[in-house]
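Below is one structure; the comments refer to it alone.
The values are calculated or read from the model by the stated rules, or taken from the named source; none is laboratory data. Computed from a predicted structure; not experimentally measured. Glycine gets a Cβ as well: all are built from the backbone with ideal geometry, and neighbour counts include every protein chain shown. With ligands, DNA and RNA removed, areas are computed over all heavy atoms of the protein, side chains included. Shrake-Rupley method; radii C 1.70, N 1.55, O 1.52, S 1.80 Å.
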Amino acid sequence: MRMRESSKPWYALAPADVFRDVASNAGGLSSDEALKRQQEYGKNELPRGEGPSPLRIFISQFANPLIYILLAAALVSAVIGETKDTVFIAAVLLLNAAIGTYQEYQAEKRAEALQEFIQIVARVIRDGVEKELAARELVPGDVVLLESGNRIPADLRLFRENNLEVEESLLTGEPYPVSKTTETLSGEHLSPGERKNMAFAGTTAVRGRGRGVVVATGMSTEVGRIAEKVAFTA
């Protein structure tokens, strides 16, 4: 099994070393090799699933030991005739459940929205020629061509650029485009915004041109990690 594509600090490796580690080159992969890698790594997409209904989310808000205690207190209050206490506790529980339902439902919607960021068409080099492929077909080692207006289809280590600027607010929150480079960077645990020689899935090229080799796809991308965290905390 090949090392998972996201397990290295690709920004700290020279392009030649990146190509060596992903077993590729500037001329891209063959179709046969790409098919083998897709069987290993899977599709370049975030997993889809039918999320829970608002009613199910609402009911799940009561599955909490503290809620059970409050429900028991409301029941006792009702039995002994403390109507005001019963109504107050019930109102608190319903309000808490309503807020929790809204927040969780919105989190589900955000996770679904993230999926759309990599459902695009990419220009790649396959079999030595330029082709247009659905982004979900990309695999580690593919060479992707970028120009102004392109949505980045996967996490790339850039090896060629000409005045390339990328808008990365999806990951960094910064509204200004980032100038890219192909130079090897030093430092440990650089944030996505500091990895100037990388281009990340879901971000957008707003100026210039560039080429990069795919180093992470699907859930291994930075946007995939965000989707995983959103789903986990929902």
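Got a number for carbon plus sulfur as a percent of the range 122-208's accessible area, 1.4 Å probe?
Heavy-atom surface of the range 122-208 belonging to carbon and sulfur, 1.4 Å probe: 42 percent.
Sequence neighbours fewer than 8 away in the same chain don't count; with that in mind, list the aspartates and glutamates whose C-alpha is under 15 Å from residue 196.
Qualifying aspartates and glutamates at Cα under 15 Å: 155, 161, 165, 167, 168, 174, 183, 188, 222.
Could the peptides 37-43, 141-147, 188-194 be put in order, highest first, of the mean number of other beta-carbon atoms found within 10 Å of their residues?
141-147, 37-43, 188-194
Cross-link list 109/180; 131/180; 8/131; 36/131: which exceed 22 angstrom alpha carbon to alpha carbon?
Correct reply: 109/180; 131/180; 8/131.
Taking just the C-alpha trace of the range 8-78, give me its Rg and Dmax in Å.
26.0, 75
Can you give me the span-like helices of the chain, meaning DSSP H runs with 18 Å or more of Cα extent along the axis and Kyte-Doolittle mean at or above 1.6?
Length and hydropathy pass: 65-79.
Determine the equivalent ellipsoid of the range 153-234 by diagonalising the alpha-carbon gyration tensor, then write out the semi-axes as square roots of 5 times the eigenvalues, largest first, rounded to whole Å.
They are 21, 13, 12 Å, listed from largest to smallest.
At residue 80 and residue 94, where each label point lies 7 Å from the Cα along Cα→Cβ, what is the point-to-point distance in nanometres?
2.4 nm
Please state, as a whole number in µm²/s, the translational diffusion coefficient that the Stokes-Einstein equation yields for the range 75-234 at 4 °C and 1.567 mPa s, with Rh defined as the Kirkwood radius across alpha carbon pairs.
Rounded, D is 72 µm²/s.
Compute the accessible area per residue over the chain, keeping the other protein chains in place, probe 1.4 Å, unit Å².
For the chain, the per-residue accessible area is 54 Å².
Given the whole protein assembly as supplied and a 1.4 Å probe, what does the accessible area of residue 185 come to in Å², nearest 10?
For residue 185, solvent-accessible area is about 40 Å².
Whole Å is fine, so just give me how far the alpha carbon centre of the range 30-76 lies from that of the range 179-234.
25 Å
Which parts of the range 182-200 would a label at residue 17 reach, counting a residue when its backbone N lies under 17 Å from a point 7 Å out along Cα-to-Cβ?
Of the residues in the range 182-200, 182-190, 195-198 have backbone N under 17 Å from the label point off residue 17.
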